[in-house]
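Reading through the structure tokens given below for one structure.
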Amino acid sequence: MICGQDLILDVLSNLLRQRGVMALRAYIGSYDSLVSLYHDRVGVATAHLWDGASDSYNIAHVRALLPGIACTIVNVTWRMQGLYVAEGNPKRITGWADFGRDDIRMINREKGAGSRVLLDEHLRRLGISGSRIAGYGQESASHLALASAVGRGEADIAVGTEKIARQVDGVAFLPMQRERYDLVVKTEHLPRPEVQALLSVLRSQAFKAEFGAIGGYDLRDIGRVICET
């Protein structure tokens, strides 16, 4: 079972099925994905969890959530994370500090989602408490739902990926941070045929060509081993 919510994982799973490998999907956020990997509820996790202390992605969280377990982190893609605002940006929002304004209402991702962790880390660094932000406790489980809420005028701001903003009318995107989206596998499971098949598909030219044409994905490091914990 492959955890994660990006479209790229659906295509990856379909290509695996074409090779005779049964690949089920679990649409859960990065934090819960790693916890599920720790408990052997899934075979492959995905993550885009930023650590503000080290200004890096995933490695610190993998070590914290899978203590004592050797894991291999493999890149899937780089994406741009940023802010969804109303078209024309009527509130003149420019960055993370605007979450502290009294005239701003947001909509949030669920706890454990990579975008939620990204926001919370920036708020922590700025000394802004979530309890001060209107709408902080209003949660939704997808980038599309957040962008749609901003487009309908139900919120002034939300955090999500650039690709989704292109799909929703009435929404502008403010790029804030380039993020690394990775697969995480227990190292002892790497020799398994299904894991080797997954890595083979991920590194194939056909897979790269399909997502290179879609746009919104930076595939320069796809399939590269980022770290062995």
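Note: relative contact order over segment 31-108, using C-alpha pairs below 8 Å and six or more positions apart, is 17 percent. Each of SER36, THR187, LEU83 was placed along the dipole of the chain (beta-carbon charges, centred on the mean Cα), and the one lying farthest toward the positive end is THR187.
Under 28 Å of direct C-alpha separation, and excluding same-chain neighbours fewer than eight residues apart, LYS91 reaches these lysines: LYS111, LYS163.
For the chain, the residue among ILE8, SER140, VAL168 whose Cα projects farthest onto the positive side of the dipole built from Cβ charges is ILE8.
Read-outs: derived from the displayed coordinates by stated rules, not from any lab. In this text the structure is predicted, and so the values were computed from the model without any measurement. Virtual Cβ from ideal backbone geometry, glycine too; neighbours counted across all protein chains shown.
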